[in-house]
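First the structure, in the form of structure tokens, and then the observations on it.
The values are calculated or read from the model by the stated rules, or taken from the named source; none is laboratory data. Computed from a predicted model, the values in this text were never measured in an experiment. Using ideal geometry, Cβ is built from the backbone for each residue, glycine included, and neighbour counts are taken over all protein chains shown.
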Amino acid sequence: MSLRQVYQRPAAELIGCADCGLVQMLPPVPANAIAECVRCHRPFAPPARGSIDSALALTVAALLLLLPAASLPLMRVTSFGVPRRNWLPTGVEALWNYGFASLSIVVFIFSIAIPFIYLGLMIWVLGGIRLGLTASLGKLFRWTAALRPWVMLEVYLVGCCVAYTRLESIGSVGVGTGGWCLLAATAAAVLATLKLDEQSVWDALPPHGASSIGKQAISCETCELIIDARNERSPCPRCGATLHRRKPDTIQRTLALVITGYLLYVPANLIPVLSVERFGRPDPSTILSGVHELITNGLWPLAIIVFTASIVVPLVKLFGLTLMLIMTRLRSRRGLVFRTRLFRFIDRIGRWSNIDLFMISILVALVQFGALTSVRPEPGAIAFAAVVIITMMASRNFDARVMWDAASEPAAGQRA
Ligand SMILES: [Zn+2]
Ligand SMILES: [Zn+2]
């Protein structure tokens, strides 16, 4: 067991690695140390950089700041002497009015619904622990954990920055009170995530009726509780998730989503995602021409961010998952630790691809100056949003542990 500075665990306990599946005995970890998996080097608990109290305070602050962020103007742009302002919900409304209902719903869910629900649930769980009312909090914290990858406040904020710079070529742009509140809310929410040691929340939520563990143990996918393997398919006594040795049908589901991702990646990049209409003449632009426009305006850093997030990240995810599926099929032992780390990385970066989607929703809401200049969404944006969501779902459905299972099984076995 390799130990690094930072975290403290109370006593020896059985622990199942969520990345490689190895069930191992974790000895008492000295103060200021952090334990890693013996096999894949996954840290078992993130460094405790704060307490539940500070995470709770920051989450409350984030929610309180998000209210004005959603109700006050985010940005204003003045073009040809006409001022226009946008609010968080205006992008949703504008996409809906152009007949892009699916995009409108996606933007609504990511930019408004999920942040509010997530922060609300988080306050409920952390506040409940603080007050000693832990009954049924396990299930709530499971929902919180499931929502976390889909909370995209910081991605939305970068989308605002990209929209801001593109708007500068149209008129004079300013940030509204809502915009500053959004910046502060995002900072508080990000800090809360950094301050929160998820495992200490799970440790504060005791499982109902602890059972003894026989020869075979499985670990809960959500809360990582170790349970006797005979309890497979029954609800986890701590978080209520259905227990599985591995994520069900992980290979088939991931494969189906990866293939769909490849098929949608082509139209997402070839078909225009938006068009700028000047004096009645439409000028459609694809994701790549949007990047080109940023370069011609001398905005290299933003161009690199958008190119990486929108074009490189989805490809890295698709290629990475394809590699993992093939090597699992071949029962390869090569680069298991690297593949596991790559998977963890892929699973985390996927959300950043939504920058362009949010930028489109902001431009469509703000740039409506009648015949002079207007921006409208184009069908490529639907394909693009689908690629982002489908590749995120693909990595969520992939169970990294099957790579280790496949590598350690004899070729005759067909278990995965
Ligand atoms: Zn491991
Ligand atoms: Zn659980």
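Given the conditions (1) part of a helix (DSSP H, G or I); (2) in contact (Cβ under 8 Å) with a residue 12 or more places away in the chain, which single one is not true for LEU263?
Every listed condition holds for LEU263 apart from (2).
Is the range 160-172 home to any residue that is more than 30 Å from TRP300 (Cβ to Cβ), out of contact with any strand residue (DSSP E or B) (no Cβ under 6 Å at 6 or more places or on another chain) and more than 16 Å from ligand 1 (Cβ to nearest atom)?
no
Restricting attention to the range 158-178, which residues are hydrophobic (A, V, I, L, M, F, W, C), in a helix (DSSP H, G or I) and surrounded by fewer than 20 Cβ atoms within 10 Å (Cβ to Cβ)?
CYS161
If you scan the range 27-45, which residues turn out to be buried (at least 18 other Cβ atoms within 10 Å of the Cβ) and within 12 Å of ligand 1 (Cβ to nearest atom)?
ALA35, CYS37, CYS40, ARG42, PHE44
How many of the residues in the range 212-250 are of a type in the set (Gly, Ala, Ser) and near ligand 2 (Cβ under 10 Å from one of its atoms)?
Summing the residues that are of a type in the set (Gly, Ala, Ser) and near ligand 2 (Cβ under 10 Å from one of its atoms) in the range 212-250 gives 3.
Filtering the range 232-273 down to residues that are among the basic types (Lys, Arg) and away from ligand 1 (no atom under 16 Å from the Cβ), which residue is surrounded by the fewest Cβ atoms within 10 Å (Cβ to Cβ)?
Residue satisfying both the conditions and the ranking: ARG233.
Could you please let me know if THR222 is out of contact with any Leu (no Cβ under 9 Å at 6 or more places or on another chain), of a type in the set (Ser, Thr, Tyr) and buried (at least 19 other Cβ atoms within 10 Å of the Cβ)?
Considered against the rule, which asks whether it is out of contact with any Leu (no Cβ under 9 Å at 6 or more places or on another chain), of a type in the set (Ser, Thr, Tyr) and buried (at least 19 other Cβ atoms within 10 Å of the Cβ), THR222 comes out as yes.
Using beta carbons and a limit of 6 Å, which pairs, at least six apart or on different chains, have the first residue in the range 356-375 and within 15 Å of TYR156 (Cα to Cα) and the second one among the hydroxyl-bearing types (Ser, Thr, Tyr)?
Close Cβ pairs (under 6 Å, with a partner that is among the hydroxyl-bearing types (Ser, Thr, Tyr)) amount to ASP356/SER310; PHE358/TYR156; ALA365/THR90.
Got a number for residues in the range 51-64 being buried (at least 21 other Cβ atoms within 10 Å of the Cβ) and closer than 16 Å to ILE114 by Cβ?
Final tally of qualifying residues: 2.
Scan the range 155-170 and tell me whether some residue there is polar (S, T, N, Q), out of contact with any Phe, Trp or Tyr (no Cβ under 9 Å at 6 or more places or on another chain) and within 28 Å of ARG396 (Cα to Cα).
Among the residues of the range 155-170, not one is polar (S, T, N, Q), out of contact with any Phe, Trp or Tyr (no Cβ under 9 Å at 6 or more places or on another chain) and within 28 Å of ARG396 (Cα to Cα), which makes the answer no.
Only one of GLU154, GLU224, GLU198 is of a type in the set (Asp, Glu), within 16 Å of ligand 1 (Cβ to nearest atom) and in contact (Cβ under 8 Å) with a residue 24 or more places away in the chain; which?
The match here is GLU224.
Looking at ALA217 and the list (1) more than 26 Å from the chain's Cα centre (by Cα); (2) away from ligand 1 (no atom under 16 Å from the Cβ); (3) of a type outside the set (Asp, Glu), which single condition is not satisfied?
ALA217 satisfies every listed condition except (2).
If I filter the range 46-59 down to residues being at pLDDT below 85 and in contact with a helix residue (DSSP H, G or I) (Cβ under 8 Å, 6 or more places away or on another chain), which single residue comes out as nearest to ligand 1 (Cβ to nearest atom)?
Among those that are at pLDDT below 85 and in contact with a helix residue (DSSP H, G or I) (Cβ under 8 Å, 6 or more places away or on another chain), it is PRO46.
Go through (1) touching a Ser or Thr at 6+ places or on another chain (Cβ under 7 Å); (2) within 22 Å of CYS20 (Cβ to Cβ) and name the single condition ARG233 misses.
(2)
This table checks each residue for (1) in contact with a Lys or Arg (Cβ under 9 Å, 6 or more places away or on another chain); (2) at pLDDT below 90; (3) within 30 Å of GLU36 (Cβ to Cβ); (4) crowded, with 17+ Cβ neighbours inside 10 Å.
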position	(1), (2), (3), (4)
MET75	yes, no, no, yes
PHE80	no, yes, no, no
ALA101	no, no, no, no
ILE109	no, no, no, no
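So which residues in the range 192-204 are under 19 Å from the mean Cα position of the chain (by Cα), assigned to a helix (DSSP H, G or I), aliphatic (A, V, I, L, M) and crowded, with 19+ Cβ neighbours inside 10 Å?
Passing the criteria: only ALA192.
Of the numbered conditions (1) under 26 Å from ALA184 (Cα atoms); (2) free of Cβ contacts under 8 Å to residues at least 24 places away in the same chain; (3) not small (Gly, Ala, Ser), ARG85 fails exactly one; give the number of that condition.
(2)
Here are some conditions: (1) surrounded by fewer than 20 Cβ atoms within 10 Å (Cβ to Cβ); (2) within 21 Å of TYR156 (Cα to Cα); (3) of a type outside the set (Asp, Glu). ARG329 meets all but one. Which one does it not meet?
So the condition that ARG329 fails would be (2).
Please find, within the range 205-215, the residue that is surrounded by the most Cβ atoms within 10 Å (Cβ to Cβ) out of those that are at negative phi and at pLDDT below 80.
Across the range 205-215, the extreme among qualifying residues is ILE213.
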